[in-house]
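In what follows, a structure is listed as structure tokens, so that the remarks can point back to it.
The values are calculated or read from the model by the stated rules, or taken from the named source; none is laboratory data. The model shown is predicted, which means the values in this text are computed figures rather than measured ones. When we count neighbours, we look across all protein chains shown, and the Cβ atoms used for this are built from the backbone with ideal geometry, even at glycine. Only protein heavy atoms, including side chains, enter the accessible area calculation; ligands, DNA and RNA are left aside. Shrake-Rupley method; radii C 1.70, N 1.55, O 1.52, S 1.80 Å.
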Amino acid sequence: MFMSKPKSVDDARIDRALPDGMEIRHIRVRGINLRVGIRPGKGLPFLLFNGIGGSIELLSAFIKASDRYIIIFDAPGAGQSETAKRPYRHRHFARLSARLLDELGIEKVDVLGISWGGMAAQQFARQYADRCRRLVLCATSTGQVMVPGKLEALKNMLSPRRYLDPDFLRSIVGTLYGGTLRNDPDAAMEYAVNMQAPSLKGYYHQLFALTGWTSIHWLHRLKQPTLVIAGKDDPITPQLNAHLLTYLIPNASLLLMDCGHLFLLTKAKQLMPHIDYFLDHDFSDS
């Protein structure tokens, strides 16, 4: 049985960064101890897939802006989840997610993924189509076959240094994430201060999952109503990728935000009504 580590001052600070009402559980799934956040609320459970290296706390602003039933977990090697012994692919991550839902006794979910998590969300929707009702894809792409981001931004994604060095994050945040953070790097620190750094091995396992992966040849088979959201000034994932996703997925709509890569955080309150409308809309008459 997995035992959580004793509380420390840092742990108390992290707990305060979590959304009100969020329960943290440590659940063993396919041999990996996962840190799982559950926040009761309205509607079908809303499963969130985070960006590369991100812990639960990274999406706190979005979760606080929502009143939906949220499920989120630290990927292996991120936050307080155990690092996997071996590298894994997106199909393995999708299977891990499905087994976690089994452990929680949840059959069907709506799914949201941001950036790396957006690709994982596409894989989950394909692999477990009967368990995914609606799909929300944020600041993401079709994988290896995509419109590439700015070289400077992509270079800074090759290591988890931004999670480990606040001064480094402050120096690159504008060129990395774009949008409102170009002129207000201090805003990013509000989100970064409570994030937990991933393990180096865990971060590179997530990078490995991207290697050779693309959804471009099977997106036309996705049946879920899909909302694709992109920032107009995203150095990592240019908005043309969102147009491509919307074109390839049969039942997809596009929402462009006047922001950069992290609109899910910086524009959470403005964004949530659009996501609520999409999740609650009756598509049977469309």
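For region 259-273, enumerate the residues that are open to solvent by 40 Å² or more (accessible area, probe 1.4 Å) and not in a helix (DSSP H, G or I).
Residue satisfying the conditions is LYS267 alone.
Any residue at all in region 75-82 that is out of contact with any Pro (no Cβ under 7 Å at 6 or more places or on another chain), open to solvent by less than 50 Å² (accessible area, probe 1.4 Å), in contact (Cβ under 8 Å) with a residue 40 or more places away in the chain and assigned to a strand (DSSP E or B)?
no
Only one residue in LEU58, LEU47, LEU34 is over 17 Å from SER215 (Cβ atoms), in a helix (DSSP H, G or I) and not hydroxyl-bearing (Ser, Thr, Tyr), so which one is that?
It is LEU58.
Being more than 18 Å from PHE263 (Cβ to Cβ), of a type in the set (D, E, K, R), open to solvent by 70 Å² or more (accessible area, probe 1.4 Å) and at pLDDT 95 or above: is that true of ARG170 here?
It is false that ARG170 is more than 18 Å from PHE263 (Cβ to Cβ), of a type in the set (D, E, K, R), open to solvent by 70 Å² or more (accessible area, probe 1.4 Å) and at pLDDT 95 or above.
Find all pairs meeting these conditions: Cβ atoms under 6 angstrom apart; at least six residues apart or on different chains; first residue within region 254-279 and within 16 Å of ASN50 (Cα to Cα); second residue among the charged types (D, E, K, R).
HIS261/ASP234
Can you tell me which condition VAL136 does not meet? The list is (1) among the β-branched types (Val, Ile, Thr); (2) open to solvent by less than 40 Å² (accessible area, probe 1.4 Å); (3) modelled with pLDDT under 95, and all the others hold.
With (1) among the β-branched types (Val, Ile, Thr); (2) open to solvent by less than 40 Å² (accessible area, probe 1.4 Å); (3) modelled with pLDDT under 95 applied to VAL136, the lone miss is (3).
Residues that are open to solvent by 10 Å² or more (accessible area, probe 1.4 Å) and over 18 Å from the mean Cα position of the chain (by Cα): does region 113-123 have at least one?
no
Which residues, taken from region 182-220, are assigned to a helix (DSSP H, G or I), closer than 19 Å to LYS267 by Cα and either modelled with pLDDT of 95 or more or over 19 Å from the mean Cα position of the chain (by Cα) (or both)?
ARG182, PRO185, ASP186, ALA187
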